[in-house]
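Input: a single structure, listed below in structure tokens.
Coordinate-derived values only; no laboratory data. None of these values were measured; they are calculated from a predicted model. Here the Cβ is made from the backbone with ideal geometry for all residues, glycine too, and neighbour counts use every protein chain on show.
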Amino acid sequence: MKNKNLIIITGQLAAGKTSYGKKISEELKIPFFSKDLIKEVLFDSFSDRNLEYEVKRKIGAISYAIFYYIIEQQMKVGMPIIAESNFVKESVPIIKNLLDKYNYNSITIRFEGDLHILHKRFLKREYSSERHMGLVSNGVFDDFKSFEKTTVKAKEFKINDNEILVDTTDFSKVDFDKIIKDLQKYMM
């Protein structure tokens, strides 16, 4: 298995992208970078923790710039990388440019599930004391229609046919070993 692989972890809100991304990173010994984890670090640099949602969105945009910078730095030295975010179709040209520029292979792992179950999971996480304040959406996705509209955008992201679909409606039914085996088939 060669190093020049970009493993893209994407999908719907509350589908387990970050948790599974970390597990895949540990299993394959490949660095894991998450746009939301970068956003948390940026948020923590503010003394005011009661930021409006629009300010959090701006921090999110800044975190994307840093996120893509990190991905490119890994690619410059030919290192494999796992990149996790709620990628949308606007991300496609940026990622394709990096793949072409550094002659990288990409594999997308898309996490999805029943939207009603994901919405309940999202709300539970959203109002948990465990949720990082920088990621709390201030009620923007409490309504199912708003949640659905945002999560549908995740389906618009497509780089190539090297894609693994994982249904996380029920975490107990996810076959992690199969994800790793399928992933290794695509890795060059």
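Note on Val152, Val92: ascending count of other Cβ atoms within 10 Å places them as Val152, Val92, the fewest first. On the basis of the beta-carbon distance and an R0 of 22 Å, Val55 and Glu130 show a calculated FRET efficiency of 0.50.
In terms of the mean number of neighbouring beta-carbon atoms within 10 Å, the peptides 159-165, 37-43 order highest first as 37-43, 159-165.
Taking a sphere under 9 Å around the Cβ of Ala154 and counting the other residues whose Cβ falls inside, with K and R at +1 and D and E at -1, yields a net charge of +1.
If I require 18 Å or longer along the helix axis, counting alpha carbons, and a Kyte-Doolittle average no lower than -0.5, what helices from the chain are left? Use full DSSP H segments. Within the chain the helices that satisfy the rule are 53-76. Stretching the chain fully between Glu163 and Asn103 yields a gain of 19.8 nm (0.36 nm per residue, less the alpha carbon separation).
Among Thr168, Thr18, the ranking by other beta carbons within 10 Å of each residue's beta carbon, starting with the fewest, stands as Thr18, Thr168.
Based on the alpha-carbon gyration tensor of the range 5-186 and its eigenvalue square roots a ≥ b ≥ c, which shape applies: rounded if a/c is under 1.5, prolate if not and a/b is larger than b/c, or oblate? Oblate shape, in that a/c is at least 1.5 and b/c is the bigger or equal ratio.
Other residues within the sphere of radius under 15 Å centred on the Cβ of Asp142, judged by their own Cβ, net out at +4 (K and R +1, D and E -1).
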